Each structure stands twice: as structure tokens, then as C-alpha cells.
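The structure appears below as C-alpha cells.
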Amino acid sequence: MPKAVIFDYGVGNLLSLKTALEKADFSVTIGTSSADLADADAIALPGVGSFTAALDRLDTVKETLQKKVSDGTPILGICLGMQLYFESSEEGPGAGLSFYQGRVVQLPKTVKVPHMGWNTLNIIAQNPLFDGIAEGIYVYFVHSLYPAPKDPSVVVTTTEYGTTFTSAVAKGNIFGTQFHPEKSGDVGLKILKNFQRIVVK
Amino acid sequence: MLAKRIVPCLDVDHGRVVKGINFIELKHAGDPVEMAKRYSDEGADELVFLDITASHEKRDIMRQYVEGVAKAISIPFTVGGGIRNVSDARNVLCSGADKVSVNTAAIENPPVITELADVFGRQCIVVAIDAKRNRTPTEGKLMFDTPSGKVWFEVNTYGGRKPTGIDAVAWAMQAEKLGAGEFLVTSMDRDGTKDGYDIELTRAISERVNVPVIASGGAGVPKHLYDVFVEGKADAALAASIFHYNQYPVPVVKDYLRKMGVTIRQ
């Protein structure tokens with residue numbers, strides 16, 4: 001069974017993600033240090049807290065994380081976890097991990113924020129993370145910002161809410177979703193199982 | 001498009017669901033974990049647990065079933081009832097709840113909303129408002145025209161037992177500024193009546209805040225949910241008895257709303 005390490009920024013609920021990854025046939029540990037990440041077959045960056053606070057917590061493991069990822073370890077960023085992949089965020093100061101070029105921006109003021117609830121995915125590009133996931137399927141969102149990648153080829157899904165925004169990205173072994181697969185019922189579980197298959201391969 | 005949410009609510013006392021348990025095929029009626037799983041399987045979009053336990057062991061009891069629910073279902077759920085501070089909130093959030101709802105504590109100590117939002121993020125913080133229509137014209141209150149005349153909406157605390165003199169609509173606007181990420185608005189006039197949600201109350205708040213509003217109190221038939229989504233501009237509708245007694249199971253309500261043109265998750 002592949003070993004997934006969830007990086008803990010020190011706030012909020014990690015139990016749902018841990019349980020969901022276990023259901024997707026990972027053995028899961030929660031990690032806070034470079035040593036914890038060392039033998040991970042996969043890394044999950046969860047979606048709790050704020051951009052700047054999370055970057056502070058990531059600071060001590062940043063180099064290890066970047067090394068692991070450039071060595072090919074699959075990583076799944078969820079919500080804020082994915083936003084950290086980008087260069088900067090309108091939410092607060094700090095340089096992101098810069099796995100992707102682009103910026104994280106606020107949802108428009110014309111809609112209620114946070115964008116909270118079940119919304120649909122437009123599948124823009126085929127990706128193994130979304131194997132068997134149909135166009136228009138509902139997944140669960142809770143967020144106020146979204147990523148604006150510079151390179152359109154990394155966009156896997158988009159979603160409409162006041163604007164059409166990027167709701168999932170993928171590039172090589174670096175995967176991210178703006179929605180919460182661990183809160184998206186059977187659909188989310190399927191996505192996490194796809195992630196597990198990618199890791200095992 | 002963002003779907004309207006259907007939210008069954010479960011009242012819990014000493015770790016057992018206490019109101020209206022009629023899923024005959026359940027082995028352990030009243031078990032919050034089993035009932036959560038059942039609603040989740042039926043297609044509920046989210047769940048709310050209101051804990052009425054009065055015991056010094058409340059925290060341990062809550063931690064146990066919240067963790068059980070978090071492991072059993074993969075849809076979001078909120079826990080409320082006696083959450084007074086960051087430590088109470090951490091107890092349930094770290095046990096696996098996605099959101100906490102605060103009610104009386106927020107009215108008595110509004111800065112707690114900001115404290116909670118700063119620590120956990122505003123998307124975790126639901127401010128619950130129990131409101132009752134007040135027909136006495138009062139200076140400074142936001143008056144609304146209703147089929148039964150002009151009213152303002154008064155916040156009640158302690159489970160709807162204590163009128164506060166506070167205008168519910170103004171309170172919602174203030175609580176949003178303090179960091180509320182969502183509102184759970186319950187009509188004390190309609191709660192338990194099955195006469196339908198208080199449309200005017202729901203709309204008054206929903207139109208004045210820029211965060212989601214869950215309407216609560218009064219659901220008796222599926223049409224009531226349609227009315228509160230369309231007329232009341234609610235983002236989510238909470239109900240208890242129509243689901244518990246299996247009168248209108250979640251799939252039946254969802255089918256009806258979908259046929260009526262409401263955006264509902266399949």
C-alpha cells in the first residue's frame with residue numbers, strides 16, 4: 001500500500017482527508033517536518049488556513065518538498081493546498097511554491113463569497129486523475145479565491161461561479177483541485193482512487 | 001452552476017439522535033453515525049448536528065460521535081449547540097466537523113466570531129440566528145411588509161426562549177463584518193409548525209449579506225423548500241421532521257425540486 005503523508009499546517013480538520021485517502025488504499029500519516037516527508041510515496045497538501053500562515057508553516061520543509069516533487073513524487077494539493085503551488089496570492093503576502101506560474105485571485109464581488117456548496121466540473125483536458133469522471137459532475141467547494149495559471153495547458157477542469165475559474169490543474173506529478181475530493185462523496189473518492197493508481201504506477 | 005443544498009438536521013443528546021427517528025431498516029435508531037450515513041447515501045448535500053447535551057462530559061461525548069461521523073461520511077457537516085469559544089470549536093473541528101455554528105455565545109460576545117474566523121477561517125464559522133416576528137413598531141428596527149402586516153425580526157437566544165431586543169437583520173449584517181462565513185436562520189414562529197419557512201425573514205437576511213444563508217424552521221412539504229429557494233433566496237434549506245419520519249425522503253424532495261427547475265445536485 002503506498003504511503004501518503006498529509007502535511008499539517010497546524011489548524012483545522014485533517015481527519016476527513018486522512019479517512020478518504022485511507023478509503024482510496026493509501027496508508028496515511030500526518031507530517032510536519034522534512035523527516036516526515038522523506039519516505040512518502042505521495043504527498044497531500046490539505047486545504048485549511050490562510051495562504052501566508054500556511055507558507056510560514058511550510059518554510060522549514062520547502063526545500064525537501066521541492067526536491068521530492070522534482071524527483072517525481074506525486075503531490076495532490078487541495079483548495080489552499082493547490083493555491084500554494086502558485087507564485088503569489090491576493091489573500092496575503094509571501095512567495096508560493098511556484099510549481100505553477102500565475103497568481104491566486106479573489107472571486108468576483110457579484111456572487112456570494114465564500115463559494116460554498118456543490119458545483120459542476122467542465123472537463124477541459126483529459127487527465128488520469130479524472131478517469132471515469134463525467135462532464136458536469138458535482139463536487140464540493142468552499143473557497144474565496146481561485147488560481148489563475150499563466151499556462152492554459154495545465155487547466156484540467158473549470159467551474160462557473162461569477163466567472164469561469166480553474167477548478168483543477170495537473171502538470172506531470174503535480175495535481176491540484178480547488179474543490180474538496182474528501183468532501184465530495186463517491187465522486188471525490190473516485191478521484192482519490194485515481195490518484196492512488198497514479199502513485200502506484 | 002452552484003446547486004441549492006438540502007440539509008437534514010439531527011438533534012443530539014448524550015450522543016444519541018433524539019428527534020424523530022423512523023428509519024425502520026436502521027439497526028440502531030438514534031445512532032448519529034448510522035443516521036448520518038443513511039442521509040449521506042440518500043443524497044443529502046450536507047448535515048447539521050445540534051447538540052443539546054447538558055452534562056459536564058459534553059466535550060468527550062461530542063468528540064466521540066463527531067469523529068465517528070467524519071469517518072463514516074464524505075460530505076460536509078456542521079456541529080452546533082453550546083459552542084462558546086475557540087477551545088469548544090477546536091474540540092469539534094479537530095474531531096472532524098467541517099463547520100461550527102455559534103448562536104447565543106455570538107450574541108453575548110460578538111468578538112468571538114472574529115476570534116473563531118481568525119483561527120479556523122471564516123468558511124468554518126456558521127452564525128445561527130433564531131428570530132421571531134415582532135409586530136410592535138420600534139424605532140431603529142428594520143420593518144418589513146408581510147401578508148400579516150409590518151414586522152421586524154427579533155433575535156432570541158437560549159434555544160429561542162429569550163427575546164433580546166436585537167434586530168436579526170441588522171445583527172446578520174454586523175456578524176458578517178465580524179467574520180461569519182454563513183448564516184443558519186431559524187424562524188421561531190415557524191419551527192415545528194410545518195407551515196413553511198419564513199420567506200420574508202430569509203429573504204431579508206439573504207439580500208443583505210454576501211455569504212450563504214441556510215433557511216430553517218417550518219418545512220412540511222417539498223413545495224416549502226421550493227418557496228424558500230425561489231422567493232426567500234436561500235442558498236440551502238434545513239429540515240428535520242419531513243426527512244426523519246420518512247414522509248418525504250431526501251431523494252423525493254430532490255426530484256421534486258429538480259422538476260421545478262431548481263439547480264440540485266444529482
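The values are calculated or read from the model by the stated rules, or taken from the named source; none is laboratory data. Bear in mind the structure is a predicted one, so any value in this text is a computation, not a measurement. Cβ atoms come from the backbone with ideal geometry, glycine included; neighbour counts cover every protein chain shown.
Before moving on, here are some points about what is shown:
- Residues that are more than 14 Å from every other protein chain (Cβ to nearest Cβ) and either closer than 20 Å to B:L10 by Cβ or of a type in the set (F, W, Y) (or both), drawn from the stretch B:252-266: B:V252, B:V253, B:Y256
- Residue count for the stretch A:19-35, restricted to those that are more than 22 Å from A:T60 (Cβ to Cβ) and in contact (Cβ under 8 Å) with a residue 12 or more places away in the chain: 8
- Just one of (1) buried (at least 19 other Cβ atoms within 10 Å of the Cβ); (2) more than 21 Å from A:F175 (Cβ to Cβ) fails for A:H143. It is (2).
- B:G140 assigned to a loop (DSSP other than H, G, I, E, B), over 23 Å from B:V7 (Cβ atoms) and more than 14 Å from every other protein chain (Cβ to nearest Cβ): yes
- Pick from the stretch A:147-176, criterion within 14 Å of chain B (Cβ to nearest Cβ) and of a type outside the set (D, E, K, R), ranking: surrounded by the most Cβ atoms within 10 Å (Cβ to Cβ): A:S167
- If you check A:K68, A:K18, A:K23, A:K3 for being more than 21 Å from A:H180 (Cβ to Cβ) and either within 14 Å of chain B (Cβ to nearest Cβ) or buried (at least 20 other Cβ atoms within 10 Å of the Cβ) (or both), only one passes: A:K68.
- Condition met for A:A134 (closer than 26 Å to A:T19 by Cβ, under 14 Å from the mean Cα position of the chain (by Cα) and either away from chain B (no Cβ under 14 Å) or not aromatic (F, W, Y) (or both)): no
- Condition check for B:I61 on (1) under 18 Å from B:G160 (Cα atoms); (2) part of a helix (DSSP H, G or I); (3) touching a His at 6+ places or on another chain (Cβ under 8 Å): one failure, at (1).
- Of the criteria (1) within 11 Å of another protein chain (Cβ to nearest Cβ); (2) at pLDDT below 95; (3) part of a helix (DSSP H, G or I), which one B:R38 fails: (1)
- When each of A:G188, A:G176, A:G102, A:G96 is tested for being of a type outside the set (F, W, Y), touching a residue at least 12 places away in the same chain (Cβ under 8 Å) and at positive phi, the lone residue that passes is A:G102.
- Residue match in the stretch A:76-98 (condition: out of contact with any Ser or Thr (no Cβ under 8 Å at 6 or more places or on another chain), within 23 Å of B:P212 (Cβ to Cβ) and acidic (D, E)): yes
- Total residues in the stretch A:9-61, condition farther than 19 Å from A:I191 by Cα and basic (K, R): 1
- Residues being in contact with a Gly (Cβ under 7 Å, 6 or more places away or on another chain) and of a type in the set (A, V, I, L, M, F, W, C) - total across the stretch B:172-190: 1
- Filter result for B:I83 (within 18 Å of B:P212 (Cα to Cα), buried (at least 24 other Cβ atoms within 10 Å of the Cβ) and within 16 Å of the chain's Cα centre (by Cα)): no
- Any chance B:A240 is at pLDDT below 95, among the aliphatic types (A, V, I, L, M) and under 21 Å from B:K99 (Cβ atoms): yes
- Against the test of being closer than 22 Å to A:S184 by Cβ and surrounded by fewer than 17 Cβ atoms within 10 Å (Cβ to Cβ), the options A:I123, A:I133 yield a single qualifying residue, A:I123.
- Options B:T114, B:T138; residue that is β-branched (V, I, T), surrounded by fewer than 24 Cβ atoms within 10 Å (Cβ to Cβ) and closer than 22 Å to A:S144 by Cβ: B:T114
- The single residue among B:T193, B:T202, B:T186 that is of a type outside the set (K, R) and surrounded by fewer than 23 Cβ atoms within 10 Å (Cβ to Cβ) turns out to be B:T193.
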